[in-house]
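The values are calculated or read from the model by the stated rules, or taken from the named source; none is laboratory data. Fair warning: this is a prediction, and the values are worked out from it, not measured in the lab. Backbone-built Cβ (ideal geometry, glycine too); neighbour counts: all protein chains shown.
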């Protein structure tokens with residue numbers, strides 16, 4: 001989303017998928033834009049296990065950027081190119097019910113839970129609004145802000161939202177766009193690229209830190225999607241033009257497929 005040419009390419013690919021009979025649902029993040037806005041406000045960002053530490057001011061900024069800026073921009077682009085798109089946050093029709101997330105940190109072979117503020121875990125995805133929109137020929141565009149039963153806002157990693165939504169809808173595919181080719185057993189060695197990754201190996205690679213940082217939520221999102229009912233999950237390189245179409249319409253596909 002920070003490369004204008006790629007942004008328009010992805011939008012056009014989503015519309016093509018819609019025209020050939022698929023029912024795309026778009027879930028977006030906005031990490032770089034949130035970081036940029038926080039910097040303008042004099043706040044530095046820190047991360048634990050790939051997730052942003054989020055105090056009350058930060059969650060307000062995140063909601064402003066995700067819902068007020070990025071979501072409306074994506075919806076506008078989709079509509080401009082001929083689609084019918086509707087923007088949503090997790091607050092709309094209580095789409096995403098959330099609770100406080102405790103980050104899991106692996107230290108000395110043990111797992112420690114850390115409170116990182118207004119970062120949410122998903123308790124429930126209410127798919128009624130999504131089903132209504134999809135059946136009415138709209139493309140839902142979801143900003144990853146959830147709401148608790150106490151009406152508190154929670155910033156939720158977009159990968160987790162995508163995984164849970166894919167599972168709840170029983171999606172045929174979950175496609176996660178990132179800025180690397182996929183998963184490596186050793187990211188410094190290109191020959192260790194993994195085209196297919198199973199549950200057990202994925203968990204082991206997280207524990208041994210072969211999968212680290214921002215890739216952790218992506219792999220865990222795939223696991224959540226498959227456990228919830230999605231058919232297939234893929235982590236693909238969004239920097240490659242038309243990566244969505246290459247994954248969906250070619251036999252070989254690209255990136256890393258995470259399987260049960």
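Worth a mention:
- Test for residue 211: is it outside the structural domain of residue 109 (by TED's automatic domain parsing), touching a helix residue (DSSP H, G or I) at 6+ places or on another chain (Cβ under 9 Å) and farther than 21 Å from residue 15 by Cα: yes
- Of all residues in the range 224-247, those being more than 21 Å from residue 10 (Cα to Cα) and under 13 Å from the mean Cα position of the chain (by Cα) number 2.
- Complete set of residues in the range 148-200 that are without any contact (Cβ under 8 Å) to a residue 12 or more places away in the chain, touching a strand residue (DSSP E or B) at 6+ places or on another chain (Cβ under 8 Å) and closer than 19 Å to residue 224 by Cα: none
- Lone unmet requirement of (1) surrounded by 15 or more Cβ atoms within 10 Å (Cβ to Cβ); (2) in contact with a helix residue (DSSP H, G or I) (Cβ under 9 Å, 6 or more places away or on another chain); (3) part of a helix (DSSP H, G or I); (4) modelled with pLDDT of 95 or more for residue 131: (1)
- Verdict on residue 141 being part of a strand (DSSP E or B), at pLDDT 95 or above, touching a strand residue (DSSP E or B) at 6+ places or on another chain (Cβ under 8 Å) and buried (at least 19 other Cβ atoms within 10 Å of the Cβ): yes
- Single residue of the range 16-32 satisfying the filter (part of a helix (DSSP H, G or I) and in contact with a strand residue (DSSP E or B) (Cβ under 8 Å, 6 or more places away or on another chain)) that is modelled with the highest pLDDT: 18
- Single unsatisfied condition, residue 111 versus (1) surrounded by 13 or more Cβ atoms within 10 Å (Cβ to Cβ); (2) closer than 25 Å to residue 214 by Cα: (1)
- Within the range 18-33, restricting attention to residues that are surrounded by 18 or more Cβ atoms within 10 Å (Cβ to Cβ) and over 17 Å from residue 178 (Cβ atoms), the residue that is farthest from the chain's Cα centre (by Cα) is 18.
- Residue that is under 17 Å from the mean Cα position of the chain (by Cα), in a strand (DSSP E or B) and in the same structural domain as residue 24 (by TED's automatic domain parsing), where the choices are 112, 124, 100: 124
- None of 254, 235 is in contact with a helix residue (DSSP H, G or I) (Cβ under 8 Å, 6 or more places away or on another chain), under 25 Å from residue 6 (Cβ atoms) and assigned to a loop (DSSP other than H, G, I, E, B) except 254.
- Subset of the range 38-70 [assigned to a loop (DSSP other than H, G, I, E, B), over 17 Å from the mean Cα position of the chain (by Cα) and under 21 Å from residue 160 (Cα atoms)]: 45, 46, 53, 55
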